[in-house]
1. Hey, does the range 3-21 have a residue that's outside the structural domain of residue 232 (by TED's automatic domain parsing) and not in a helix (DSSP H, G or I)?
2. Scan the range 64-84 and report the pairs whose first residue is on the phi < 0 side of the Ramachandran plot and whose second residue is among the acidic types (Asp, Glu), with Cβ atoms within less than 8 Å and a gap of 6+ or a chain change.
3. Any residue at all in the range 65-80 that's modelled with pLDDT under 90 and in contact with a Leu (Cβ under 8 Å, 6 or more places away or on another chain)?
4. Could you check the range 156-253 for helices (runs of 4 or more DSSP H) lying wholly inside it with 1 or more residues that are surrounded by fewer than 16 Cβ atoms within 10 Å (Cβ to Cβ)?
5. For residue 445, indicate whether it is without any contact (Cβ under 8 Å) to a residue 12 or more places away in the chain and charged (D, E, K, R).
6. Would you pick out the residues in the range 411-429 that are in contact (Cβ under 8 Å) with a residue 60 or more places away in the chain, surrounded by 23 or more Cβ atoms within 10 Å (Cβ to Cβ) and over 25 Å from the mean Cα position of the chain (by Cα)?
7. For residue 99, only one of the following conditions fails: (1) farther than 30 Å from residue 374 by Cβ; (2) more than 22 Å from the chain's Cα centre (by Cα). What is its number?
8. If you check every pair at least six apart or on different chains, which have Cβ atoms under 7 Å apart with a residue in the range 347-368 that is under 18 Å from residue 323 (Cβ atoms) and modelled with pLDDT of 85 or more first and a residue that is among the hydroxyl-bearing types (Ser, Thr, Tyr) and in a helix (DSSP H, G or I) second?
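The values are calculated or read from the model by the stated rules, or taken from the named source; none is laboratory data. Computed from a predicted structure; not experimentally measured. Don't worry about glycine lacking a Cβ; one is built from the backbone with ideal geometry, like all the others, and counts go over all protein chains shown.
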Amino acid sequence: MTDFLPTGIQLTYLVAASLFILGLKKLGSPATARQGNVIAAVGMLLAIVATLLDQHVLNYEMILLGLAIGSVLGAIAAYKVQMTEMPQMVGLLNGLGGAASALVAVAEFWRLLQHAETVPLDANISMLLDVLIGGVTFTGSMLAFAKLQGIISGSPITFPLQQPFNALLLGSYVVGSGFLLMEPHNLPVFLGIVAVSLVLGVMFVIPIGGGDMPVVISLLNSFSGLAAAAAGFVVMNNMLIIAGALVGASGIILTEIMCKAMNRSLISVLFDAFGSSGGAVAGTASGGTTDQTVRSIDPEEGAMMLGYARSVVIVPGYGMAVAQAQHSVRELADQLERMGVDVKYAIHPVAGRMPGHMNVLLAEANVPYEQLHDMDDINPQFEQTDVALVIGANDVVNPAARSDSNSPIYGMPILEVDRAKHTIVIKRGMSAGFAGVDNELFYKDKTTMLFGSAKDMVSKLVSEVKQL
């Protein structure tokens, strides 16, 4: 039995890794995402059980206590956190994952400091990398959480000589790491490395604006996976290495997809402080500087346009998420379908504050998966669409990205709602999006504005459609 146990543990790890990969595959589609979550969760359960049976695990009481506390906190969060607050939740979990990985490295350093005369070079390098990646992930994710939660401003924060200061911090880490490779038992230098890593995480996120949070969250998610993989090398656990590598790789791929959807490089997202000028660029509806005019309608007119259309494409944005209007949107779509209208949803990759934010919100409202269409699929259909209903989206529908070479969003792939026969935009006012530029869509001849809260206006549209 004792001879079989190590082999059985490794085989269980192999099964768990296979389930992780299968779960990730199924997470690629909204229709199979729940099944993918269950499969990956079963894999994690197997990995945990196998690890607890490992002979290196000595203190089961503390581990079970931690599992109990974590399970209670997780259950409370699952019931209490609103779907609109999922970006903050993901940021928080990323940070906790990074912190856990960094603490593994700190604990291993302390153990070697007490009991080992020499520290193996590979173990030393693994600990140093784990501290760096885990520390950056922890403080960076906590700051991202604070921005998304509104605890601090979501605008980019910059100051003179910011990049040289960051370079100095990174240089300090490299010098300290080099010293520890030669003198691995130096506790003050190791603690200094930990402090520098934590500060680097803060400096990493503060110059990034709220509109870039989908990219930042996916990148920090990747970092949390890399930190876990580094922790796996520290404690020599194959399962931790595999799981961390999968999370790290998938996060990097998702980050690249987000950057492509914004037509920007990762370097520009991290260092350009995009949107720092911010501000509203208002049209005549709000007394702004432009002499262009907009045409506004009331809910009754909007209901007539929607109710007598043959096809409607709904474009949800962050404004819908903030107003928590997803259930009202589903009710409106159901009512239109009863009248024979073909209803679809157009999802931009970076709509919202995290990758897949709109999909998650619409899934909560039980919107059928087959009605959700990504940008590449839906764009060719807009010319045959009678009405495009934009709810709280801004930059992702701005035609300037296609037509104005001087616009900061020029070249960004957008949902081409301006090609529809009619476009209704539900928005509180004429303020600009995160890019800080005016939206040409608002002034198009085929565009009408329905000013007000997304939830309030959609509810009124539902009432008016019912009376048609």
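1. Pass one, the range 3-21, residues outside the structural domain of residue 232 (by TED's automatic domain parsing): 3-21.
Adding the requirement that they be not in a helix (DSSP H, G or I) leaves 3.
Yes, because at least one residue in the range 3-21 is outside the structural domain of residue 232 (by TED's automatic domain parsing) and not in a helix (DSSP H, G or I).
2. Partner pairs satisfying both residue conditions: 83/364.
3. no
4. Numbers: elements: 162-182, 187-205, 213-235.
By residue number, 162-182, 187-205.
5. yes
6. Listed by number, the residues that qualify are 420, 424.
7. Among (1) farther than 30 Å from residue 374 by Cβ; (2) more than 22 Å from the chain's Cα centre (by Cα), residue 99 violates only (2).
8. Hits for this filter: 361/84.
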